[in-house]
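Participant: Structure in structure tokens, see below.
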Amino acid sequence: MKKIGVIGAGTMGNGIAQVLAQVGFNVVLSDINQESLDKGMAQIEKSFKRLIDKDKMSEEEKQQALSNIETTIELVDVKDCDMIIEAASENVEIKKNIFRELDRICDEKTILATNTSSLSITELAGVTHRPHKVIGMHFFNPVPVMKLVEVIRGMSTEEEAVNSVIELCKKLQKSPVKVEEAPGFVVNRILVPMINEAVGVMADGVAKAAEIDEAMKLGANHPIGPLALADLIGLDVCLAIMEVLYEEFADTKYRPHPLLKKYVRAGYLGRKTKKGFYEY
Ligand code: 3HC
């Protein structure tokens, strides 16, 4: 594998493109408009600057990594990639359209991976003629820092595709964990209901956002509190995950908290909109 296509230059997509480029893959980063690509590339440059400032990267290494990334607003430009990692919006119809198109333009042997945080791999695979080549490759935010990648097998995913993705994770110096398809997989099924509960604790007036976060940092040894984490992940993404868990399990324990919905409806999505539970 030499050339990898990344679909979506948002929070996850630009992080994935960055780590691929850093270890020498040629990356084709695709999004629907130039503005999203420019924002994604600016984020990558910011991340490289952070590494340079800490003497973890040289200027030459940065230039080399940047030159490994080609950007495009035409999905068809990923057609000769050896593998595709889709990291578009967490919306099943958008992802299905992308998978239909990728299936049409890419070689039949090309693995199509999705970075979905909770949607069904099997459902996405179902719109292609290669369900055995469709797999989940779930990175964590911030991608350059977080070691885990959940490697998710859909109903028809073949072992060869699983092994290729695990090999790729190792090249990226990530730690893959094999997971069977299930709503929220492992991490988000546990993590996001915890965030939802923290919103409930705040809504009940038990403590303020900063106090809840301080309590969870000191009391559960988490690196950041659940509400700060929600701002990092994106409140819209947290809500989308809760909605999938609620719908799939039909269990009220996964009901998204009304206050979480209210924040999302207000457009307070966290760091990306400069306002969520905190202001940035
Ligand atoms: N990009 C690149 N590097 C980053 C970064 C970013 N966005 N944010 C932080 N870093 C690096 C820093 O440069 C620093 O590097 P160093 O150790 O080499 O000096 C290191 O990460 C620690 O950063 P800071 O000292 O600035 O700040 P913190 O100690 O608070 O760490 C954090 C920041 C790594 C984000 C930490 O708060 C953390 O681990 N938070 C929890 C993150 C988490 O749980 N992510 C999973 C979310 S769930 C998810 O993504 C799944 C999805 O489907 C929803």
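Participant: Find the Rg to Rh ratio for the chain, where Rh is the Kirkwood radius over alpha-carbon pairs and Rg uses the same atoms.
Facilitator: Value, to two decimals: 0.97.
Participant: Mind checking which lysines have their C-alpha under 22 Å from Lys96, skipping anything on the same chain fewer than 8 residues away?
Facilitator: In chain and number order, the partners are Lys79, Lys109, Lys133.
Participant: Here is a follow-up. For Lys208, list the lysines whose Cα falls under 21 Å from its own Cα; do not include residues on the same chain fewer than 8 positions away.
Facilitator: Lys217, Lys261, Lys262, Lys274, Lys275
Participant: Would you work out what percent of the accessible area of segment 58-130, with all protein chains in place, is carbon or sulfur (probe 1.4 Å)?
Facilitator: In segment 58-130, the share of accessible area belonging to carbon and sulfur is 45 percent.
Participant: Now a separate question. In nm, what is the difference between 0.36 nm times the number of residues separating Ala182 and Leu218 and their Cα-Cα distance? Don't skip to the end; give the middle numbers.
Facilitator: Numbers: separation 36, 0.36 × 36 = 12.96 nm, distance 3.14 nm.
Length gained, Ala182 through Leu218: 9.8 nm.
Participant: Just need the relative contact order of segment 1-147 here, percent rounded to a whole number, with Cα pairs under 8 Å and 6+ apart. Please list the in-between numbers first.
Facilitator: Values: 265 pairs, mean separation 40.4, N = 147.
Taking the mean separation of contacting Cα pairs over the length of segment 1-147, I get 28 percent.
Participant: Tally up the carbon and sulfur contribution to the accessible surface of segment 140-280 as a whole percent, 1.4 Å probe, everything protein left in place.
Facilitator: Answer for segment 140-280 is 54 percent, counting heavy atoms of protein chains only.
Participant: Before I look further, what does segment 188-272 give for accessible area per residue, probe 1.4 Å, in whole square angstrom?
Facilitator: Values: 4640 Å² over 85 residues.
I get 55 Å² per residue for this part.
Participant: On to the next question. Restricting the count to DSSP beta bridges whose residues both fall in the chain, what percent are antiparallel, rounded to a multiple of 5?
Facilitator: 20 percent
Participant: Note down the relative contact order for segment 188-272 as a percent, whole number, built from C-alpha pairs under 8 angstrom at least six residues apart.
Facilitator: In percent, rounded to a whole number, it is 33.
Participant: Would you kindly state how much longer the chain becomes between Gln34 and Tyr278 on full extension, computed as 0.36 nm times their sequence separation minus their alpha carbon distance, in nm to one decimal? Intermediate values should be presented prior to the final figure.
Facilitator: Values: separation 244, 0.36 × 244 = 87.84 nm, distance 2.91 nm.
Contour length minus Cα-Cα distance gives 84.9 nm.
Participant: Continuing with this model, one more query. Sort 16-26, 119-129, 170-180 for me by packing, meaning the mean count of neighbouring Cβ atoms within 10 Å per residue, highest on top.
Facilitator: Values: 16-26: 22.0, 119-129: 19.1, 170-180: 14.7.
Top of the packing list down: 16-26, 119-129, 170-180.
Participant: Accessible area per residue of segment 3-180 at 1.4 Å probe, in Å²?
Facilitator: 46 Å²
Participant: If only Cα atoms are counted, what is the Rg of segment 188-272, and what is its Dmax, in Å?
Facilitator: Cα-based Rg and Dmax for segment 188-272 come out at 12.1, 34 Å.
Participant: Mind jotting down the distance between the C-alpha centroids of segment 15-76 and segment 187-214, whole Å?
Facilitator: Taking the Cα centre of each part, segment 187-214 and segment 15-76 sit 34 Å apart.
Participant: Let me ask something else about it. What number, in percent, do you get for the relative contact order of segment 38-124 if the mean sequence gap of Cα pairs under 8 Å and at least 6 apart is divided by its residue count?
Facilitator: With pairs under 8 Å counted, the relative contact order is 27 percent.
The values are calculated or read from the model by the stated rules, or taken from the named source; none is laboratory data. Remember, predicted model here, so these are calculated numbers, not experimental data. In this analysis, Cβ positions are derived from the backbone assuming ideal geometry, glycine residues included, and neighbour counts consider all displayed protein chains. These accessible areas exclude ligands, DNA and RNA; they are computed on the full protein's heavy atoms, side chains included. Shrake-Rupley method; radii C 1.70, N 1.55, O 1.52, S 1.80 Å.
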